[in-house]
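The values are calculated or read from the model by the stated rules, or taken from the named source; none is laboratory data. Nothing here was measured: the structure is a model prediction, and the numbers come from that model. Here the Cβ is made from the backbone with ideal geometry for all residues, glycine too, and neighbour counts use every protein chain on show. Heads up: the accessible areas ignore ligands, DNA and RNA and are worked out on the full protein's heavy atoms, side chains in. Shrake-Rupley method; radii C 1.70, N 1.55, O 1.52, S 1.80 Å.
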Amino acid sequence: MPELPEVETVRDGLMKHVLGARIVEAQVLCDRSVRPQPGGAAEFADRLVGHTITAVVRRGKFLWLPLSAVASPAETSAALIAHLGMSGQLLVRDEATEHRHLRARLQLADTPSEAKYLDFVDQRIFGYLAVVDLVPTPDGLPGGLGFAAPTLPAVAAHIARDLLDPALAAGTPGRRRVVDAIRRRRVAIKTALLNQELVSGIGNIYADEALWRAGLHYAQPVGTLTETQVENLLAAAENVMCEALAAGGTSFDALYVNATGEPGYFERSLAAYGREGAPCPRCATPIRREPFQNRSSFFCPKCQNTPAVESPLR
């Protein structure tokens, strides 16, 4: 599943092609891809056509495009939300290109580039699109990166801020609250890191990479960690995601591409994730893989010592 760097790469690409664009037609080819829409494909199209895309916003792995009101262009009370799931792609096109996994297509006008279409392609159909109402943020701060308004989609209201959000910058009260919230949990540290209600955007790839950088075992109980260790782990997660973002994200196959269909290259820089049997970049010990909550954890058994006390939740 795309994590923060991959979704942010898509957001940045969309900004260049659809910001200010007017939606002139909305076509749904797969009703399942708009399943959160109460009125289905007809309501989805009706709430989009004639509206202008006023921003491209991201919080964690959630992405949304605020829409202007037709009668009052200065008003923004709804947004097109996109969750990419395992294989969803938002692709800008300058012509109506066919794709076997095309699920929805928006025809655009007045774009800042040559883009005429925004396609939602999704092989596995775990992702979705929907037009939803915006609600106030609980803390009164901007809802996500890319939009100054203190609003966000109701479906994302429970999602915590992410480590690229200025409100969670190192040394801020927000960052300290996240450290405290993590340390109160009675779980393995990786479980806390993946909890999107504590800090969003981190998935299996960047959790393993951050834990490797911080020298922590994935099953280390949170209660055994100091405040400094948790802060160092969050700093490692922030750094690795910034590096991944600079490389366009991590692409293991054709299911993740940016808004113009290009893959990311951070896979070449991974130290632990997906490198079972390869030498640890720090000590040359073979990287090990172990099962963890219906997925895998990759770690160095020397640099990331197995905790003496097993975590209550692995």
### Query
Counting only residues that are open to solvent by 40 Å² or more (accessible area, probe 1.4 Å) and under 17 Å from Ala115 (Cα atoms), how many does segment 1-46 have?
9
### Task
Name the single residue, out of those in segment 215-235 being surrounded by fewer than 20 Cβ atoms within 10 Å (Cβ to Cβ) and small (Gly, Ala, Ser), that is farthest from Gly13 (Cα to Cα).
Gly223
## Note on the structure
Within segment 91-142, the residues that are open to solvent by 50 Å² or more (accessible area, probe 1.4 Å) and in a strand (DSSP E or B) are Arg93, Gln107, Asp133, Pro136
### Query
Looking only at residues in segment 143-171 that are of a type in the set (A, V, I, L, M) and without any contact (Cβ under 8 Å) to a residue 12 or more places away in the chain, which one is surrounded by the fewest Cβ atoms within 10 Å (Cβ to Cβ)?
Ala148
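Which ones in segment 285-297 are in contact with a helix residue (DSSP H, G or I) (Cβ under 8 Å, 6 or more places away or on another chain) and open to solvent by 20 Å² or more (accessible area, probe 1.4 Å)?
Going through segment 285-297, the residues in contact with a helix residue (DSSP H, G or I) (Cβ under 8 Å, 6 or more places away or on another chain) turn out to be 292-293, 295-297.
Within segment 285-297, Gln293, Arg295, Ser296 qualify.
Considering Val187, Val155, which residue is within 21 Å of Gly215 (Cβ to Cβ) and among the β-branched types (Val, Ile, Thr)? Lay out the reasoning, then the answer.
On the way: Val155 fails: within 21 Å of Gly215 (Cβ to Cβ).
Sole residue among the options that is within 21 Å of Gly215 (Cβ to Cβ) and among the β-branched types (Val, Ile, Thr): Val187.
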